[in-house]
1. Just the residues that are more than 19 Å from V218 (Cβ to Cβ) and under 25 Å from the mean Cα position of the chain (by Cα), please, taken from the range 175-192.
2. Any chance the range 100-111 includes a residue that's crowded, with 17+ Cβ neighbours inside 10 Å and of a type outside the set (A, V, I, L, M, F, W, C)?
3. I'd like to check something: does the range 175-198 contain any residue that is of a type in the set (K, R) and part of a helix (DSSP H, G or I)?
4. Regarding S141, is this residue outside any loop (DSSP other than H, G, I, E, B) and over 16 Å from R205 (Cβ atoms)?
5. Which pairs have Cβ atoms under 7 Å, sit 6 or more apart or on different chains, and link a residue in the range 227-246 that is within 19 Å of A133 (Cβ to Cβ) and touching a residue at least 40 places away in the same chain (Cβ under 8 Å) to one that is among the small types (G, A, S) and part of a strand (DSSP E or B)?
6. Six or more apart or on different chains, Cβ under 9 Å: which pairs go from a residue in the range 95-113 that's touching a residue at least 24 places away in the same chain (Cβ under 8 Å) and under 24 Å from G223 (Cβ atoms) to one that's in a helix (DSSP H, G or I) and among the β-branched types (V, I, T)? Could you list them?
7. Taking the residues in the range 63-92 that are in contact with a Leu (Cβ under 6 Å, 6 or more places away or on another chain) and of a type in the set (A, V, I, L, M) as candidates, determine which candidate is nearest to L107 (Cα to Cα).
Amino acid sequence: MSGRDRSPASGAPRRGVARVISKYGVTSRSQATAWVRAGRVAVNGRIVHDAEFPVRVGFDRVAVDGQPLARAARVVLMLNKPRGLVTTARDERDRDTVYRCLDDPALAWLAPVGRLDKASEGLLLFSNDPEWAGRITDPASGPDKTYHVQIDRIADADLLARLERGAEVGGQRLGAKSARLLRAGGRHSWLEIVLDEGRNRHLRRLLAHFDVAVLRIVRVAVGSLKLGELPKGAWRVLTEREVASL
């Protein structure tokens, strides 16, 4: 037999130590990087200063301030996102972000689960569990998303049918799982559109393809979780039952 390491640890996936810490849900990756550089992180009893120091997941022992790294309890909250905020922790153009609404500093390391563009509003989820978040945003496993959309015309049956049939837009197939008229008045109407996947600016691009201008987009539900009466800019932590339902 050769001298090559045949132990289970030799085949374990390796990840940068800052990434491993963030995946445990205890802080953001950028904050974990700061901890490493400050000498607060040890791997197998040795202080490391490189955020990309390779850790064998499931085998190497990681400690922060002398305490073994432990997975944080899952936290999921919902925000009623106002218009005009970008869904990011930091914006290179110094625009206001959704974190302006999270008035508790302890929540600053929660990550958005999916996105709403700057002009869109409504239900936006945050969590410290990236694996759970990945399942929610995965088109194959994630729940449907329901939107109320105000457009610049009175929608007819033909438009609703075209939205459900979908179209090739910019090399991508875009469509709605369902589309129905909610109400109409004057020159505008509100639609309820359900998506079972969410591509970048999905609704705006799809409607623009049919020469329809969007006036407002409000996400009102993710799966069975409804925005309800949560005030604009307010947030609340989900119950375990609500999280399980997603």
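The values are calculated or read from the model by the stated rules, or taken from the named source; none is laboratory data. Note that this is a predicted model, so its numbers are computed, not measured. Note that each Cβ is placed from the backbone with ideal geometry, even for glycine, and that neighbours are counted across all protein chains shown.
1. G175
2. No, the range 100-111 contains no residue that is crowded, with 17+ Cβ neighbours inside 10 Å and of a type outside the set (A, V, I, L, M, F, W, C).
3. No, the range 175-198 has no match at all.
4. In short, no.
5. L227/G122; L227/A221
6. P112/V98; V113/I136; V113/T137
7. Within the range 63-92, the first condition is being in contact with a Leu (Cβ under 6 Å, 6 or more places away or on another chain), and the residues that meet it are 76, 78-81, 87.
Checking which are of a type in the set (A, V, I, L, M) leaves us with 76, 78-79.
Numbers: V76: 10, M78: 12, L79: 12 Å.
The residue in question is V76.
The rows are residues; the columns are (1) assigned by TED's automatic domain parsing to the domain that holds R162; (2) β-branched (V, I, T); (3) in a strand (DSSP E or B).
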residue	(1), (2), (3)
R204	yes, no, no
L207	yes, no, no
D211	yes, no, no
L215	yes, no, yes
V218	yes, yes, yes
